[in-house]
Structure formats: structure tokens, C-alpha cells
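What follows is one structure encoded as C-alpha cells, with my remarks underneath.
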Amino acid sequence: MATTPDRPGCHALDASLIERLHAVQQRHGYLPRAELQQLAVAMQRPLSDVMGVASFYHLFRLVPPPLHRCVVCRGTACFVRGAERLEAGLRRRGVAFETASCVGACGQAPVLVIDGTVGYGDPGALPEQ
Amino acid sequence: MTQASPSITLQINGQPCTVAADATLLQAIRSAGLQVPTLCHLDGLTPVGACRLCLVDLEGHPKLEPACVTTAAEGMVVHTHTPELESYRRMAVELFFAEGNHVCAFCVANGACELQDVAVEVGMDHSRFPYQYPKRHVDASHALFGLDHHRCILCTRCVRMCDEIEGAHVWDVGYRGSACSIIAGLDQPWGEVEACTSCGKCVDACPTGALFRKQDATAEKQPHPERAQQLAEARTDRRWHNQ
Ligand code: SF4
Ligand code: SF4
Ligand code: FES
Ligand code: FES
């Protein structure tokens, strides 16, 4: 949080911080604490400032990702075609998943993204609630 | 504000009032001897317009504006206490209470809490919104101070005090939505953050019982909201108030 918004260069700093956070996440799959600390030191920023930005955006992960990544789409089309039942089914099986709001494949709803590959289910085959 | 700066005239609740051209509406309201409730504002710190309690009505302007971050302008016609504003203010205070866990009877700031004062000021005797009873935690890791997140209203006065006056920037705002909270360092226990000088200014700035001195028990907190302004003036204008 920049408490003095008129401080010169503060927006430029924020932008480059986000870029660098992306780079760290690309390298490690998430944002390890030690890397955040190093980044703060390198950019001469307060730790809490860096953490404030890192924790604000859903795209940044603060914990290591699981071995496989499963995303259930909760967008309107997927919702209508049974995303809730899909989630309930995964929960029953003990599968950890994240959610997204429309991944742009509404024609195939309900959509599930596994390790970056779009898959879809047959709403008829989903268990009742 | 220097004497030479050009001044402007506006009207507040029907009363004409002349202020420096760079004054905020809040400064204008106060200079006219009037007041609006505030929580996130603290003289001496950069205003952020976070709590929305100081909203005012500007004639001919389509929306309500927070007085603390709005610059006064020539000919403005300002109303501070319309029925609409009063109902919004009450609602805002009800939401503050419903959002956290404010159990005044056990609070270190009981009787000296700005949230309580504001609740009295806007006539809030109960909340129409269901209490959320969020699961929050208490950070007692600092040798001298504690932070009870249950009582934090996210006004960011501590963040600005530590950044702008102490220059340590221990605090910031982390996460978002209902998970939003004040964080120390990399969201570490406060006592582990080396940047903290243990000056206690954040505790002085906190309007509620969220930040407290460990030696203080129920209703023993002595707030010092005036210190931000005093220190800011000593720094920038070299004027001292601590005689
Ligand atoms: S005690 Fe002082 S340095 Fe430590 S967090 Fe509070 S304001 Fe910042
Ligand atoms: S700890 Fe106190 S000063 Fe800091 S944001 Fe919470 S209520 Fe405001
Ligand atoms: S709503 Fe799921 S892909 Fe668009
Ligand atoms: S005092 Fe103006 S928005 Fe909080």
C-alpha cells in the first residue's frame, strides 16, 4: 500500500513489482517466502508492501501447488450445466480443486481444467446433489 | 497552509465559510465549527477515504463524496447531515460491528474507543445486519504490544502511522475481501519483524482496541490520536507541542 500516492514513481514501482512476482512464480510454481524477502531487499521495498501485493492477487500462490492442478469452472454456463454437482462429486472423492469464473470454453460446459488441459463432463452423468 | 495561499468561499449547511484553496472539505467543515464523524482520518496522516463515514452531499453533484479526500472548491454547497447521509452513516457503523467481533465489555479500549464514540454519535443501538463472527486471531508475539484482529476495522491508520511518521512500514494490508487483514512484514508474527522499532505509534493511532499495550487490561487503553499531527508538524514545520 502506497500511503502517499503522489510519491514519484510509485505506480511504476508497483507495476515492476508485479512483473517480478510473476517471474518468481514462473520459476518456482509459487512465491516462496525467501524469494519474497529477497525481492523486497533487491527493490528496497518494505516486506509488508511486497506481501500486500502478493497476497492481494488470486493469481499468485503463497503455498506450493499440489502435484496436479484441477480447476472447476463456476462461470454462468458451467453453473447452469451442473458445476455445483461436479464440485460435490470431486469433494466426495477428496480431490483438491480450485475454481475459476469462465475459462472461455462455455460450449463444453461443465468445464474442468486438469493440469492446463480443458476437459468436460456430461451433465447427465453427474451425481444428483 | 500559509497566509499567502489564495482562499475560496463555499457554503456548508447554509453557512458561508472561507478556507485556503487547497483545503479539504473536512478541514472546511471543521473550520466552520461543524463536524462529521470520521474513523480512518487522522490529522497528520495522508487521508485515504476508507471508512466512508465522512460522506457529504454536494448540491448539483451526482454522488456523495468523502469530505476527508475531497478538495473544497469555490461556490460548493455542502450538506453534512441530510436524512440520507445519516441513514448511510448508521448503516456503515452497523456493518463495522457486524463484520468483526466487537465485545466492548472485555475490550482494552472500552470507554476510549472511536468506533464506540461513532456508534453513539450516529445513534446506533443495534445492527440490522447479521453478525459474521469471523474466525480471526490475536498476535501476541511482540514483547510490548498486541494486535487483536477481531477488533480491527481496517482503517489503515496504523499502516500510515508506521510508514509516514515512524518510517518503518512494518504494516500493510494483506489479502482481500473477507480475508483482508493488516499484516506485519511477510504476514509474520509481529514480534519477528525486525523493522519494528517498538515505538508504539501504531498503538497510539489505532481507533479501536485492535492494537494495544500488553500492560493494559479491560478499559485501560489510553489512546493518543493527537500524536500523528504533533509529530508531523515537528518534522515538517519544526513546531513542537510537547512542552
Ligand atoms: S511499534 Fe512503531 S515501528 Fe513497530 S509497528 Fe508500531 S509504529 Fe511501526
Ligand atoms: S489495527 Fe487499528 S489502526 Fe490498524 S487498521 Fe486495524 S483498527 Fe485501524
Ligand atoms: S462458464 Fe465455464 S467456460 Fe465459460
Ligand atoms: S474519514 Fe473520510 S472516509 Fe474515513
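The values are calculated or read from the model by the stated rules, or taken from the named source; none is laboratory data. Quick caveat: nothing in here was measured; it's all calculated off a predicted structure. Neighbour counts are summed over all protein chains in view; Cβ atoms, including those assigned to glycine, are modelled from backbone coordinates with ideal geometry. Protein only, heavy atoms only, side chains kept; ligands, DNA and RNA dropped before computing areas. Shrake-Rupley method; radii C 1.70, N 1.55, O 1.52, S 1.80 Å.
Among DSSP beta bridges lying fully in the protein assembly as shown, give the percent that are antiparallel, nearest 5. Don't skip to the end; give the middle numbers.
On the way: 27 of 32 bridges.
About 85 percent, rounded to the nearest 5.
Counting partner chain Cβ atoms within 10 Å of every residue's Cβ in A:52-63, what's the average? Let's see the in-between values first.
On the way: counts 9, 3, 4, 11, 6, 1, 1, 0, 0, 0, 4, 0.
Average per residue, whole number: 3.
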So if the hydrodynamic radius of the protein assembly as shown is defined as the Kirkwood radius over C-alpha pairs, what does Stokes-Einstein give as its diffusion coefficient at 20 °C and 1.002 mPa s, in µm² per second? 90
Taking the reciprocal of mean 1/r across every pair of different Cα atoms in segment A:71-124, the Kirkwood radius in Å is 10.7
Yeah, segment B:158-239 with a ≥ b ≥ c from its alpha-carbon gyration tensor (a/c under 1.5 is rounded, else prolate when a/b outruns b/c, oblate otherwise) is oblate
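Give me the percent of DSSP beta bridges within chain A that run antiparallel, rounded to the nearest 5. Could the numbers behind the result be given before it?
Values: 7 of 10 bridges.
Roughly 70 percent of the beta bridges in chain A run antiparallel, per DSSP.
By how many nm would the segment from B:ARG128 to B:GLN15 lengthen if fully extended, with 0.36 nm per residue of separation less the alpha-carbon distance?
On the way: separation 113, 0.36 × 113 = 40.68 nm, distance 3.45 nm.
Working it through step by step, the gained length comes to 37.2 nm.
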Computed over the Cα atoms of chain B, what is the ratio Rg over Rh, Rh following Kirkwood? 0.98
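Excluding ligands, DNA and RNA, what is the accessible area buried between chains B and A, summed over both sides, using a 1.4 Å probe, to the nearest 100 Å²? Spell out each step's value before the answer.
On the way: alone 12550 and 8590 Å², together 19580 Å².
Chains B and A together bury roughly 1600 Å² of accessible area.
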The answer for the net charge of residues other than B:ASN13 whose Cβ lies under 14 angstrom from its Cβ, with Lys and Arg +1 and Asp and Glu -1, is -2
For the residue pair A:ALA77 and B:HIS137, what label-to-label distance in nm results when each label sits 7 Å from Cα along the Cα-to-beta-carbon direction? 4.1
How long are the three semi-axes of the equivalent ellipsoid for segment A:13-108, computed from the Cα gyration tensor as the root of 5 times each eigenvalue, in whole Å, largest first? 33, 15, 10
In chain B, which Cys residues have no partner Cys with a Cβ closer than 4.7 Å? B:CYS17, B:CYS54, B:CYS68, B:CYS104, B:CYS107, B:CYS113, B:CYS152, B:CYS162, B:CYS180, B:CYS196, B:CYS199, B:CYS206
Using a Cα-Cα cut-off of under 13 Å, which aspartates and glutamates could be cross-linked to B:LYS201, ignoring same-chain neighbours fewer than 8 residues away? B:ASP163, B:GLU164, B:GLU166, B:GLU226
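Per residue, how many Å² of accessible area does segment B:103-243 show with a 1.4 Å probe? Provide the component values of the computation, followed by the final result.
Numbers: 7090 Å² over 141 residues.
Heavy-atom accessible area per residue stands at 50 Å².
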Residue mean of other protein chain beta carbons inside 10 Å, B:185-192: 4
Suppose each label sits 7 Å from its Cα in the direction of the beta carbon; what would the A:ARG93-B:GLU233 distance come out to in nanometres? 6.8
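Give, as a single signed number, the net charge of other residues whose beta carbon lies under 14 Å from the beta carbon of B:GLU84, with Lys and Arg counted +1 and Asp and Glu -1.
Working: positive: B:ARG52, B:LYS63, B:ARG89, B:ARG90; negative: B:ASP57, B:GLU59, B:GLU65, B:GLU86.
Taking every other residue near B:GLU84 into account, the sum is 0.
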For A:VAL111, the residues 5 or more places away or on another chain with a placed amide H closer than 5 Å to its own amide H are A:CYS73
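Once the cut-off is 16 Å, how many percent of the Cα-Cα pairs in segment B:5-91 end up in the long-distance tail?
On the way: 1768 of 3741 pairs.
Value for segment B:5-91 (Cα pairs over 16 Å): 47 percent.
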Net charge of neighbours whose Cβ lies under 12 Å from the Cβ of A:GLY52, counting Lys and Arg as +1 and Asp and Glu as -1: -3
In terms of the alpha carbon gyration tensor, root eigenvalues a ≥ b ≥ c, rounded if a/c is under 1.5 and otherwise prolate when a/b exceeds b/c or oblate, segment A:48-98 is oblate
Over the protein assembly as shown, the sum of -39500 (n - 2.57) across DSSP H runs of at least four, divided by residue number and rounded to 500 deg cm²/dmol, gives at 222 nm -8500 deg cm²/dmol
Want the number for B:ARG213 to B:HIS241: 0.36 nm per residue separation, take away the alpha-carbon distance, what's left? 7.7 nm
Checked against the positive end of the charge dipole of chain A (+1 on Cβ of Lys and Arg, -1 on Cβ of Asp and Glu, about the Cα centre), the farthest of A:ALA42, A:GLY116, A:ALA88 is A:ALA88
Angstrom value of the Kirkwood radius, inverse mean 1/r, which spans all Cα pairs in segment B:131-204: 12.6
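Once Rh for segment A:24-76 is found with the Kirkwood sum over Cα pairs, what is the Stokes-Einstein diffusion coefficient at 20 °C and 1.002 mPa s, in µm²/s?
Details: Rh = 12.4 Å.
It comes out at roughly 173 µm²/s.
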Gap separating the Cα centres of segment B:167-243 and segment B:12-68, nearest whole Å: 24
